[in-house]
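Input: a single structure, listed below in structure tokens.
The values are calculated or read from the model by the stated rules, or taken from the named source; none is laboratory data. What you see is a predicted model, and the numbers here were worked out from it, not measured in a lab. Virtual Cβ from ideal backbone geometry, glycine too; neighbours counted across all protein chains shown.
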Amino acid sequence: MPYLMVNLDDFGDMQRSMRQLRRRLRWQARGGQGPCGAGGGPGGQAADRTPLKQKLMRIKQRGVWRFLVGIARLDETPRSLAEIDDALDLPRNKMRSTKAIFAKLENRLDLRFLKLAEDAGEDEAGNPRYVMPKRIRRKVLELADE
């Protein structure tokens, strides 16, 4: 949930805040639709309602696809990014930079390739462990075999 911080002692800040709130109210009155009904909110993107298969087909054309397939083919054991590097025979910290690329795609497509495995603890270096959601794993493997 976004928060609006306002300095009540600054008249200019209050005016800017009121303009921002009015824009937000107009946006909500339109049902959260953009000026052409295209979606998107003030300062953000609309939730992508594209089916998972289509989202993954877009990613299949990118260089990170091979990493998604590699992770999906591993067993479902929660792993830290460093442990994924080792399991896939990748150079050290490769998965860390790939995770940053994943994050951009995840935000754009409104999905998560790796979720935090809260009950798996940390690796010996104190890094959190992740697991690929079953739904994502199943679709990635399905598309990889096509």
Within region 94-128, which residues are within 23 Å of R138 (Cβ to Cβ), in a helix (DSSP H, G or I) and touching an Asp or Glu at 6+ places or on another chain (Cβ under 7 Å)?
-> M95, L109
Taking M132 as the residue in question, decide whether it is at pLDDT 90 or above and surrounded by 13 or more Cβ atoms within 10 Å (Cβ to Cβ).
-> yes
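Let's see how each residue does on (1) among the basic types (K, R); (2) modelled with pLDDT under 85; (3) in the same structural domain as L109 (by TED's automatic domain parsing):
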site	(1), (2), (3)
R26	yes, yes, no
A29	no, yes, no
G32	no, yes, no
P35	no, yes, no
G39	no, yes, no
R66	yes, no, yes
G70	no, no, yes
E83	no, no, yes
State whether the residues of region 135-142 include one that is of a type in the set (K, R), touching a residue at least 40 places away in the same chain (Cβ under 8 Å), in a helix (DSSP H, G or I) and surrounded by fewer than 13 Cβ atoms within 10 Å (Cβ to Cβ).
-> yes
Given (1) under 25 Å from E146 (Cα atoms); (2) touching a residue at least 24 places away in the same chain (Cβ under 8 Å); (3) not in a helix (DSSP H, G or I), where does K55 come up short, assuming only one miss?
-> (3)
